[in-house]
Each structure stands twice: as C-alpha cells, then as structure tokens.
Amino acid sequence: MRLTNDTSTLMPVPPGQVSPIPSSNSPSIPSSVAPSIPSSISVAAATEREQMASGAPAIDDYSSYLSAAARGMRSSAIRDMFSLSENADVISFAGGFPTPEAFLSLEAAQLVVDVLRQRPAAAYQYGPTEGIGELRAAVADLMRERGVDAHPAQILLTAGSQQALDLIARTLADPGDPVLVELPGYVGGINAAVAHRADLIGCPVDENGLVPAALDEKLVALEAAGRKARFLYLVPNFGNPAGTLLPLSRRYELVQIARRHDLLIVEDDAYGELYYDGQRPPLPLRALAPERVIYLGSFSKIFLPGLRVGWVCGPQPLVHQLGVAKQAADLCSSSFGQQVVLEWLRRGSIQPHVEQLRALYRRRRDRTEAALRRFFPAGAQYRVPTGGFFFWITLPQLARSGQTTAELLPAALRHGVAYVAGDGFCVDGGGQWSLRLSFSQVEEERIEEGVQRLGRLFTQAMPGESSPGYAQ
Ligand SMILES: Cc1ncc(COP(=O)(O)O)c(C=O)c1O
C-alpha cells in the first residue's frame, strides 16, 4: 500500500476487500523519524508549513514508516461506505447501523442532562480499566437474563464490542496462528484478526449458521498439519452478514467439538435481542461451556452506538488478561458513556425500548422481503432473517454474466442505491455473486424504491433474466 500526502492517491480498496496478510519481507522502518508536529494544528497543515519554513524536501510516500502489520491493513469497505449515508439521493442498504429514529424515542437528551447534573465528577473523570463497578454488576444481571450465570468479575466493559475483538486478537493469537471464522463472517472480526496477522481459516455457514461437521474437519486438518487453532469467532444470533440463527442442537455440537479439540470460542452477540418472530434465540454458547467461551455483548444496536459501550463476559483469568491489554489500548472506556448506559438500565428502560425496536425493524424486514420477492431476479437466493439487520443474497446467474457484485457497485451508486458486496465477508476469496442488504436504517417508505433500483440493475446485468416486478 502506498501512503502518500495526496489522499487521492491512496490505493483504492476494491469494495468489500479483506486485507491480505502482509508479507514478512516488506521493507523495514527507517531509523529517521518525521519532524514532530504541534498537536494543535492539523497534520497536513503542519507538514505544509514546515516544508515552507525549512525548505526541507517533501515526503511523498509514508509507506516505509509503517509497521509490517499496518502495511497489511486496509480500510473496511463498509466504513468507506459510511460517507454514502450522507448523500440523501442514495438509498443505502450498506451500513449495518441502527436507525436514528430509535435514538429519538429514547429521550436520550434528558438522560444525559440528568447524568451530568447528578454525577458530573464520575461522568467526566477517568474510570477503572475494567469499567465502572455498578455497570459491570448491571451487565452481569443482564447476562443472567440471557441464561448465563455471570459474576461482575467476569465482565470487562469495552469501547463497543469492536474493541473486544481487537483485544482478543492481540491477546490470544500470535502472527501466523490459525483463527477460525465464519464463511461469510463479520468484517470487523476478520479485520481485527488480520490486523494482528492471524491466519484466517473460513468455516462454511449454511441456512442454520456454522456447520459443525465442517468445523470439525478444519480442526482435524489443522491438527494433522501440527497446527492448533487459537479460537473460533462466530456470531450465532442473526449473523452479520448471513442473518442466520444457530439452533440449540448445533450449539451443543459446537461445544462438544470445541472440548474435543481444546478450542476457545468467541461468541459475538450483537443482535440477539433483536428477534422478530416472537422467539428468543436459544441459550448462548457461554451458558453451555463457560470454561471456554468468551461472550461479547454490546449496547450499540439496542441503545446508542455513539456512546461506545460493549462488554466481554468470559473466564475470569482471560478477562483479566484482556483488561491488561485494554490498559495499553485506552486506559478506560468513556466514563460518560458508561454512566449514561447505567442510568438507562436503572430506569428500567431497556425492555420497553427493545420491544419498540423489534416492532420497528420487523416492519422494515417485512417490507424488504416483499420488495425482494417483487423486484429481484427469479433465481435470487436468500433466506428471510428472523432477527438482526441483514439479508444475504446470492445471485448465481451473475456468474454467467461475468460481473461480480463488487464490480456492479459503481453502477448501483449511479442508480442511487448502495449495498455491500459479498467478497469482503469471505476469507476464502468467495462471495463474488453475493451481497449484503441492511434494512435497519432505510426509512420504511424508501425500501421498496431502493430494492426496485437494485432489482432493475441486477436484472439488466443478467441477460435473459426477469423479475416478477418487471414481468408485469
Ligand atoms: C457482529 C458485530 N459485532 C460487533 C460489531 C461492533 O459493534 P460495536 O463495537 O458498536 O459494539 C458489529 C457492528 O456492526 C457487528 O455487526
């Protein structure tokens, strides 16, 4: 990757691309260091000024200053799509964000004012690295409601569950170590492991989530090669991107396999509360194998993602070690954010709010499904998710046209609609004919129009195809 002063020359990341692991023979960091830059002015402006003042030659390419790990990192295609949501003309099914409408109904402003009036010192001050004690206790209660016997000492509060993914990757895996992920799997989890140069191995997901037999096969093959997987990372409830729900029987099977192979499991439950067909997801894996499951929870999808409050619930020695890594990362998560979450929980607001969210997202899910049936090409393959934010759609006919969903994305943007191409979710290089549609933040009345625009695009890209909507 070339990292130059001119942002227009940053190497474009093909939409959805997952960073390759950098080669170990990349150039080493030069011993010279860049001149120090006053922090009060922007880096770019300071660089310009210093060049003018000293007449020193400009540095055109900063790539050689980067660590080998940083040279291998790529910006997440999904984060890159963030800016699209600011363009009002584009109907964006790209970002898996909660809808801002959900924030308004929270009366969050009053909550914030109350916290700052009642506990200003606690909200503005640094806090303990592991998180404020009262919130850890409240989260332990929440875990018990989810069927997990938890003690506050087993809880580490993090800056969103994304930070937990980073801490886990750096704490449990050395560069080159095998880490098992779902195929397709959550890009943020994949990128966290890639950033620490793990060797990612994909385990297929079918309509019921991760396939236990396939996991077993991968583990046997690794062991035959004298290698040991450091952990398995999965999203069992309404996964991102596949939207699948792992049945209880598979949870038992996974736990048995993990015990047989002495494997740790990282269970990411960002969406478990958002179920739409009346039925709570089965027991967390953490309830079935507390000795080897690290559970990740988050307030982002059910409260306010901007507060950045998530948590780890795991075996105490591992949670302690993650806390040590967190000390180096950020000392502590935002005290302000934790206090606001605590106040919200104390007021008993979580249940009624989550019920509202279920109703709101269920309507969006239903509208998306109806529009897909009407406007997508007849051969499109997808399952209706029973919770979460995502439809994972595969268009096998695209293969015949030779165009991938990543290649069609610029055309989609020209048509005023965005999605995330499937290849970014697949560490085996697959997913070219798939896409992820997130219905969570598209206003209900725009869903049909957005899906229609996409359906038209895909139907045109596949000669000889038609969709029910266009056949009429
Ligand atoms: C499966 C999954 N895990 C973790 C995260 C990160 O969430 P946060 O860091 O806001 O808790 C996301 C966000 O989209 C997600 O989809």
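Does Asn208 satisfy being within 13 Å of the ligand (Cβ to nearest atom) and within 26 Å of Val384 (Cα to Cα)?
Taking the combined requirement at face value, the residue does not satisfy it.
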* Do we have Gln327 as touching a strand residue (DSSP E or B) at 6+ places or on another chain (Cβ under 7 Å) and part of a helix (DSSP H, G or I) here? -> no
* Asked: Does Thr158 satisfy the condition of being away from the ligand (no atom under 15 Å from the Cβ), among the polar types (S, T, N, Q) and touching a helix residue (DSSP H, G or I) at 6+ places or on another chain (Cβ under 8 Å)?
  -> no
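Return yes when Arg456 is touching a residue at least 12 places away in the same chain (Cβ under 8 Å) and either in contact with a strand residue (DSSP E or B) (Cβ under 7 Å, 6 or more places away or on another chain) or not polar (S, T, N, Q) (or both) and no when it is not. If you could, list the steps in order and put the result at the bottom.
On the way: touching a residue at least 12 places away in the same chain (Cβ under 8 Å): yes; either in contact with a strand residue (DSSP E or B) (Cβ under 7 Å, 6 or more places away or on another chain) or not polar (S, T, N, Q) (or both): yes.
Answer is yes for this residue.
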* Structure fact -> Note on segment 400-431: residues under 30 Å from Tyr276 (Cα atoms), surrounded by 20 or more Cβ atoms within 10 Å (Cβ to Cβ) and not hydrophobic (A, V, I, L, M, F, W, C) are Thr405, Tyr419, Gly422, Asp423, Gly424, Gly431
* To do: Taking only segment 209-226 into account, find how many residues are surrounded by fewer than 15 Cβ atoms within 10 Å (Cβ to Cβ) and not small (Gly, Ala, Ser).
  => 3
* To do: Mind checking which helices (runs of 4 or more DSSP H) fall wholly inside segment 98-141 and carry at least 2 residues that are without any contact (Cβ under 8 Å) to a residue 60 or more places away in the chain and outside the structural domain of Glu445 (by TED's automatic domain parsing)?
  => 108-118, 120-124
* Does Val194 count as at pLDDT below 95 and more than 14 Å from the ligand (Cβ to nearest atom)? -> yes
* Structure fact -> Leu304 meets each of (1) under 20 Å from the mean Cα position of the chain (by Cα); (2) surrounded by fewer than 22 Cβ atoms within 10 Å (Cβ to Cβ); (3) without any contact (Cβ under 8 Å) to a residue 60 or more places away in the chain with one exception, condition (3)
* **Matching helices (runs of 4 or more DSSP H) fully within segment 355-472 where at least 3 residues are assigned by TED's automatic domain parsing to the domain that holds Ala94 and among the acidic types (Asp, Glu)** => 444-461
* Which residues, taken from segment 263-282, are more than 20 Å from the chain's Cα centre (by Cα) and more than 16 Å from Gly314 (Cβ to Cβ)? -> Tyr276, Asp277, Gly278, Gln279, Arg280, Pro282
* Quick check: is even one residue across segment 371-383 hydrophobic (A, V, I, L, M, F, W, C), within 30 Å of Leu180 (Cβ to Cβ) and touching a residue at least 60 places away in the same chain (Cβ under 8 Å)? -> yes
* Which residues, counting only those in segment 289-304, are within 8 Å of the ligand (Cβ to nearest atom) and of a type in the set (A, V, I, L, M, F, W, C)? -> Leu296, Phe299
* Number of the condition not met by Leu307 [criteria: (1) more than 10 Å from the ligand (Cβ to nearest atom); (2) under 30 Å from Gln356 (Cβ atoms)] -> (1)
* Quick check, is Arg286 within 16 Å of the ligand (Cβ to nearest atom) and on the phi > 0 side of the Ramachandran plot? -> no
* Asked: If only one of Gln316, Gln279, Gln321 is more than 16 Å from the ligand (Cβ to nearest atom) and under 25 Å from Pro385 (Cβ atoms), which one is it?
  -> Gln279
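The values are calculated or read from the model by the stated rules, or taken from the named source; none is laboratory data. In this text the structure is predicted, and so the values were computed from the model without any measurement. Cβ coordinates were reconstructed from backbone atoms using ideal geometry, including for glycine residues, and neighbour counts include every protein chain displayed.
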